[in-house]
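Structure, as structure tokens:
The values are calculated or read from the model by the stated rules, or taken from the named source; none is laboratory data. On a predicted model such as this, the values are computed, not experimentally measured, just so you know. Neighbour counts run over all protein chains shown; Cβ positions are idealised from the backbone, glycine included.
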Amino acid sequence: MMDYYGYFSILGYLIPLAGLAGIIGIIYIIIKSIISGGGHSAKTEAAKKGYYYLISLVSLGILYVTASDIMRVILDYISPSTVNITGYSYPSGYETFVRSLILRASVLIFALPLFLFHWTSANKKPKEVDEETSLYIKKERKSYLHIVLTVSSLILMLTGPYLLYNVLLLVLGVGKVTLREFSFPLSYFIGIIGVWIYHFAELKSVEEH
């Protein structure tokens, strides 16, 4: 069991690192767009879109973690087990559960409008742009989508084996697997699958136009 805990405990560190890598990637795209060739209009628009994409990525990460953790908290609470593998427990019962839920819901309510505003602004097409500026906007959008898909794929590669591990334990009847063992990997796996599918569809749409 020590190997089990030791291996999967690194997920708590690797998932934020994957998000940080995405943020660094967006910043790199912004700087590259500004210092690379192109007219003043193209560079200005690239910098503006880069800002919107950067905040979109940060707020998307907050939404993903918060929504996934809300699902985890609910699964943890309804599980008959008293202590789960992620180290969370609810000794105070219903009140602690509600407090945990409200905290995460508050973050979700705050981050959602922030994400929607910046994501909508990033996708909003300027009324009058030349061909060069339009090309810059498309390239920056594709770069953003590639970064999100890369980070999402990394998280899938982290949460997927964790979930599969518990499924195989259940199927093979090894040990006593409870709902709580599934709460963390299932919650974070479902969330990132949704993020990946949406951004993959967006990328295909951009490439077709």
Query raised in the report: Can you tell me which residues in the range 148-166 are surrounded by 14 or more Cβ atoms within 10 Å (Cβ to Cβ) and aliphatic (A, V, I, L, M)?
Result: Val148, Leu149, Val151, Leu154, Ile155, Leu156, Leu158, Leu163
Requested in this report: Say whether the condition of being under 25 Å from Phe189 (Cβ atoms) and at pLDDT 65 or above is met by at least one residue in the range 78-90.
Outcome: yes
**Report entry** Failed condition for Glu181, given (1) under 12 Å from the mean Cα position of the chain (by Cα); (2) crowded, with 21+ Cβ neighbours inside 10 Å
**Finding:** (1)
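Let's see how each residue does on (1) within 30 Å of Lys49 (Cβ to Cβ); (2) at pLDDT 85 or above; (3) not aliphatic (A, V, I, L, M):
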site: Lys138; (1), (2), (3): yes, no, yes
site: Arg141; (1), (2), (3): yes, yes, yes
site: Val151; (1), (2), (3): yes, yes, no
site: Leu163; (1), (2), (3): no, yes, no
Requested in this report: Identify, from the list Thr120, Thr159, Thr133, the residue that is out of contact with any strand residue (DSSP E or B) (no Cβ under 8 Å at 6 or more places or on another chain), at pLDDT 90 or above and polar (S, T, N, Q).
Outcome: Thr120
Report task. Show the residue pairs that are 6+ apart or on different chains and have beta-carbon atoms under 8 Å apart, the first residue being within the range 143-158 and in contact (Cβ under 8 Å) with a residue 60 or more places away in the chain and under 14 Å from Val65 (Cβ atoms), the second being part of a helix (DSSP H, G or I) and β-branched (Val, Ile, Thr). Result -> Ile155/Ile15; Ile155/Ile192; Leu158/Ile15
Report summary line: Scanning the range 40-79 residue by residue, those crowded, with 23+ Cβ neighbours inside 10 Å, farther than 30 Å from Lys176 by Cβ and of a type in the set (Lys, Arg) turn out to be Lys49
